[in-house]
Structure formats: structure tokens, C-alpha cells
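All remarks here apply to the structure that follows.
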Amino acid sequence: LHEGVFIAKLCRLFRRIPVLFDLQGSLSEELLAHKFIKKGGVIYRGMRHMEGLIDRFADAVISSSTRSAEQLKKEFSVEQSRVHIVTDGIDAQVFKPQRNGTHIREKHNISADKKIVVYVGLLNKYQGIDCLLEAIPYVVKDFQKVHFLIAGFPDVEKYSQMARSSGVSGYVTFAGKIDYEQTPQYLGCADIAVTPKLSPTEGNLKIYSYMSSGLPTVAFDTPVNREILGELGIYAALGDAQSLAGALKNTVSNEGLIADLSGKVREKAVRDYSWASVAGKIIDIYDSIAFSKAR
């Protein structure tokens with residue numbers, strides 16, 4: 001995070017070592033998305049100025065998306081030679097297609113004839129859970145053989161109540177907080193994954209585990225999601241619950257599409273996002289800044 005780079009800059013006053021910034025998103029845009037500040041105001045302009053200063057502190061900046069990299073260069077005046085695009089990655093040997101989720105289905109009383117749409121992650125408005133729950137009634141109205149398995153925290157009871165109020169509690173299971181080691185099993189029992197995250201700039205790590213697990217993924221149409229999934233994503237208009245419902249319905253009702261995308265997203269994950277591929281790029285960047293400071 002940006003405050004970490006600021007601390008690193010202070011530490012460098014005492015030790016002459018390079019600083020590498022692993023950028024996860026724009027500080028000012030995230031504050032805007034969380035409604036902590038208003039666009040165009042004095043505080044916003046001050047945050048933008050400070051963000052640019054902090055970005056330029058680092059000897060190298062790793063961005064996981066082209067959009068963020070371009071923003072660094074054009075809006076925050078970071079030298080092009082310091083900006084590197086390295087996608088996030090996934091352990092493709094741990095997250096892999098399993099399709100053997102009988103015990104997960106039994107644990108949560110999900111019948112074998114239902115397609116499972118899975119979400120794993122934080123439960124909050126910023127991650128789009130409110131929008132997802134708003135979309136589910138539209139889905140189950142036309143397609144009853146579907147079940148939404150939502151694993152994560154906090155506010156499990158809050159969202160469970162929202163599902164009950166919408167009349168879809170029979171189609172939704174909230175698994176609560178699960179251990180990271182259980183995540184492959186939860187993904188392995190699913191047919192489709194969904195990530196309704198609302199931020200247009202912040203990284204979306206869960207997509208990598210979805211892809212590596214061979215799950216067709218429904219997501220909002222943002223530059224970040226487009227860059228990860230490319231033409232293999234199933235997209236909905238950002239923040240639009242009915243559009244999200246339409247994308248989900250079109251997917252759960254299309255066996256051929258599920259089968260086709262399952263193999264293709266897995267292939268792309270192994271080829272482009274495996275840890276071996278990503279780690280080699282990061283090591284090269286560390287080597288380059290360490291060498292330049294040693295001269």
C-alpha cells in the first residue's frame with residue numbers, strides 16, 4: 001500500500017537500499033470508491049498530489065494491470081523505465097479442476113441436480129455482494145436448478161437476512177469463513193464462479209483461482225477484469241444487478257458454454273498466471289534495481 005512506500009522511503013534515509021512498490025490500486029480512486037472523499041474537492045486534489053509523490057519514491061513499481069501502469073506514467077509522472085507490468089499469479093498445482101465436490105454438497109445440503117455458482121471472498125458492498133443478492137431473484141425466477149454457494153466473511157448474518165428478505169434463502173448458502181486450504185475444494189464443487197467486485201481499478205485476485213480451477217467466470221466489465229479474463233470472461237455492466245442476472249442466467253443454462261470455457265480458462269491460467277511464470281518476472285525486476293543501486 002502507499003503508506004508502506006512512504007515508510008520505506010524514510011527507512012532509506014538510513015540504509016541505501018532500493019525500494020520496490022507492488023501497486024494494488026490507486027489510493028485516491030479507492031478512497032473515492034469507498035466514499036471517504038469527493039472527487040474534485042480540496043482533499044481529493046491533495047490526495048492525488050501525495051499519491052504521485054509516493055509513486056515516484058520507488059525505484060521500481062510493479063502493476064498487475066495495463067490501466068494502472070498507464071495511469072502511473074500519464075497521471076502521476078512516474079518514469080516509464082520504473083514501471084513494470086506483472087500480473088498476479090496462482091499455484092496451478094493446488095487450484096485445479098476437481099469436479100468432485102460431493103462432500104461439500106452434502107455438508108451444505110445442496111442437491112446433486114443443481115448447478116453451483118460459487119463466490120469466495122470478503123462479504124461487503126465494495127465487493128458487490130449487495131448487487132449479487134439483488135441479482136439472484138432474477139436468476140432463480142427463470143432457472144431454478146441453480147444454487148449460490150457464498151463462502152466468506154464478515155456480516156454473514158446481515159447478508160443471510162437479505163437473502164431471506166428477497167425470498168431466495170433456499171437458493172443461497174452462506175458457508176461463512178473457510179480456511180484457505182479448503183478453498184480449492186469449494187471451487188472444485190462448483191460449475192460457475194462469480195466476482196461482482198465494483199472497483200474499476202483495484203486488482204481482482206480471486207479470478208486467478210477461479211480460472212485455475214477451470215471455472216467459467218461472470219464478472220463486471222472493467223479494464224482489470226478484461227485484462228485478466230480477456231475474451232474468456234462473461235461480462236455484465238458495472239454495478240447493474242439485472243445485467244449481472246442476465247449474464248448468470250445465460251451461463252448456467254448453457255452446458256456447452258460451461259464445458260468450452262472450463263478448459264480454456266484453465267489453459268490460460270496455467271500458461272499465463274502460474275507462479276513459475278510470474279515469479280521469474282518479479283525476480284528479474286529485483287535483480288535490475290539491486291544491480292543499479294550497487295553500481
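The values are calculated or read from the model by the stated rules, or taken from the named source; none is laboratory data. What you see is a predicted model, and the numbers here were worked out from it, not measured in a lab. For neighbour counting, all protein chains shown are included, and Cβ atoms are generated from backbone atoms with ideal geometry for every residue, glycine included. These area figures cover heavy atoms from the full protein model, side chains too; ligands, DNA and RNA do not enter into them. Shrake-Rupley method; radii C 1.70, N 1.55, O 1.52, S 1.80 Å.
Odds and ends about this structure:
Residues checked against (1) part of a strand (DSSP E or B); (2) touching a Leu at 6+ places or on another chain (Cβ under 7 Å); (3) crowded, with 16+ Cβ neighbours inside 10 Å; (4) of a type in the set (A, V, I, L, M, F, W, C):
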| position | (1), (2), (3), (4) |
| --- | --- |
| GLY4 | no, no, no, no |
| ALA8 | no, no, yes, yes |
| LEU13 | no, no, no, yes |
| LEU32 | no, no, yes, yes |
| GLU51 | no, yes, yes, no |
| PHE76 | no, no, yes, yes |
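- Of residues in the range 265-286 being open to solvent by less than 90 Å² (accessible area, probe 1.4 Å) and without any contact (Cβ under 8 Å) to a residue 60 or more places away in the chain, the one farthest from LYS197 (Cα to Cα): GLY280
- Residue selected from the range 85-104 under the condition in contact with a Leu (Cβ under 9 Å, 6 or more places away or on another chain) and not acidic (Asp, Glu), by the criterion surrounded by the most Cβ atoms within 10 Å (Cβ to Cβ): ILE90
- Search result, residues across the range 35-46 that are open to solvent by less than 80 Å² (accessible area, probe 1.4 Å) and either among the aromatic types (Phe, Trp, Tyr) or within 20 Å of GLY203 (Cβ to Cβ) (or both): TYR44
- Looking across ILE17, ILE85, one residue alone is of a type in the set (A, V, I, L, M), closer than 26 Å to ILE283 by Cβ and touching a residue at least 40 places away in the same chain (Cβ under 8 Å). It is ILE17.
- Scanning the range 160-178 for residues that are in contact with a helix residue (DSSP H, G or I) (Cβ under 9 Å, 6 or more places away or on another chain) and within 24 Å of HIS103 (Cβ to Cβ) gives SER160, ALA163, SER169, GLY170, TYR171, VAL172, PHE174, ALA175, GLY176, LYS177, ILE178.
- Complete set of residues in the range 100-117 that are of a type in the set (A, V, I, L, M), out of contact with any strand residue (DSSP E or B) (no Cβ under 6 Å at 6 or more places or on another chain) and touching a residue at least 40 places away in the same chain (Cβ under 8 Å): ILE104
- The residues of the range 163-202 that are open to solvent by 10 Å² or more (accessible area, probe 1.4 Å), closer than 18 Å to THR251 by Cβ and hydroxyl-bearing (Ser, Thr, Tyr) amount to a single one, TYR171.
- Hits in the range 78-99 - residues which are farther than 25 Å from ALA276 by Cβ, in a loop (DSSP other than H, G, I, E, B) and touching a helix residue (DSSP H, G or I) at 6+ places or on another chain (Cβ under 6 Å): VAL78
- Given (1) buried (at least 18 other Cβ atoms within 10 Å of the Cβ); (2) within 11 Å of the chain's Cα centre (by Cα); (3) hydrophobic (A, V, I, L, M, F, W, C), index of the condition LEU205 fails: (1)
- Total residues in the range 108-165, condition assigned to a helix (DSSP H, G or I), among the polar types (S, T, N, Q) and within 24 Å of the chain's Cα centre (by Cα): 2
- Looking across the range 211-259, the residues that are among the small types (Gly, Ala, Ser), open to solvent by 30 Å² or more (accessible area, probe 1.4 Å) and part of a loop (DSSP other than H, G, I, E, B) come down to ALA237, GLY239, SER253.
- Only one of the listed residues (SER288, SER262) is touching a Gly at 6+ places or on another chain (Cβ under 9 Å) and in a helix (DSSP H, G or I). That residue is SER262.
- Members of the range 15-30 found to be assigned to a helix (DSSP H, G or I) and hydroxyl-bearing (Ser, Thr, Tyr), listed by number: SER28
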